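The values are calculated or read from the model by the stated rules, or taken from the named source; none is laboratory data. Everything numeric here is computed off the predicted structure, so don't read it as measured data. So basically every Cβ, Gly included, is an ideal-geometry build from the backbone, and we count neighbours across all protein chains shown.
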């Protein structure tokens, strides 16, 4: 479960990590009141579970209560990365001398927590050159002590009080990570302000399987509206933001479909695993979900085992008859009752491919056409 920034910062603060003074609000009036209490310039930040909020207009600076009110009203009226803004964090603007990056997550291959740190914060860690990234696995039987923080600080190029403060912060962050059953704790940027280190942002993900232990952590619904619908239908669905809607049967087949589309230069709109025995009605509902992503093309990749190809074909035709499908559909159909399924599609003017690569390449061609 992903947590909003303000919740992550509240947790950081409870573990002794310095965060900017601020408060979560839900209205322009509350924003103005908090800004007046803080004084000076404040930052009004949308609280959504998405990145690049600044580019989407979800972060604004305000000098005083009235500007904070206007900024809050403006942000609450928009969506950021497809998320409707319902909460804001109003906090003090801090002096930024330098931005660092630090995170702790699980390295599945090593089966250990790993600390990731960089002297180049304020940007996605994927964009930082490898030579500027420090990685250090944690022995869970030992934990994290200041000496490890000092070593990582040295490798980051920190000295003096800044290095000492980083060495103090890292054990606190690890304790937070461990005690809260986190999958990820990330501070980006970790701001150097004078000699003080301040968590200017937070990214915090709690292991879903440990939520029963974390009674004091507020539950956060991190699904989009379409993802909620899919969840209610028992379908595994994740929005991705591209223009090729994807449906496949099986998680491996779905991931392979996404990879193949990207290989040919396409941009998937979603991940959708329709399962191994969804049937005609479930398949039709899955297709209805795909149409809500407003794609340029729908790519269906079915390798029929439990799923019958004729059921998939009938579901597609059923959706076509009950509502307009405004975009082309490219389908790869092989397996159980393949001949029956292909005949149903052909009788309704739809071509079925036997090879996934050919179908994926065709879907990308259509999606990328001017």
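Inspect the range 299-312 for any residue being closer than 15 Å to residue 245 by Cα, in contact with a strand residue (DSSP E or B) (Cβ under 8 Å, 6 or more places away or on another chain), at pLDDT 95 or above and assigned to a strand (DSSP E or B) and give the result as yes or no. Yes: the range 299-312 contains one or more residues that are closer than 15 Å to residue 245 by Cα, in contact with a strand residue (DSSP E or B) (Cβ under 8 Å, 6 or more places away or on another chain), at pLDDT 95 or above and assigned to a strand (DSSP E or B). Being crowded, with 21+ Cβ neighbours inside 10 Å and either in contact with a strand residue (DSSP E or B) (Cβ under 9 Å, 6 or more places away or on another chain) or part of a helix (DSSP H, G or I) (or both): is that true of residue 158 here? It is true that residue 158 is crowded, with 21+ Cβ neighbours inside 10 Å and either in contact with a strand residue (DSSP E or B) (Cβ under 9 Å, 6 or more places away or on another chain) or part of a helix (DSSP H, G or I) (or both).
Within the range 237-262, the set of residues being surrounded by fewer than 16 Cβ atoms within 10 Å (Cβ to Cβ), more than 23 Å from residue 81 (Cβ to Cβ) and in contact (Cβ under 8 Å) with a residue 12 or more places away in the chain comprises 251 only. Restricting 116, 104 to those that are in contact with a helix residue (DSSP H, G or I) (Cβ under 7 Å, 6 or more places away or on another chain), surrounded by 18 or more Cβ atoms within 10 Å (Cβ to Cβ), outside the structural domain of residue 27 (by TED's automatic domain parsing) and in contact (Cβ under 8 Å) with a residue 60 or more places away in the chain reduces the list to 104.
Here residue 244 fulfils each of the conditions (1) more than 19 Å from residue 353 (Cα to Cα); (2) in contact with a strand residue (DSSP E or B) (Cβ under 9 Å, 6 or more places away or on another chain) apart from (1).
Annotation note: of 330, 334, the sole residue that is more than 30 Å from the chain's Cα centre (by Cα), modelled with pLDDT of 90 or more and either within 23 Å of residue 361 (Cβ to Cβ) or in a helix (DSSP H, G or I) (or both) is 334.
Residue count for the range 214-236 satisfying the condition of being surrounded by 13 or more Cβ atoms within 10 Å (Cβ to Cβ) and in contact (Cβ under 8 Å) with a residue 12 or more places away in the chain: 12.
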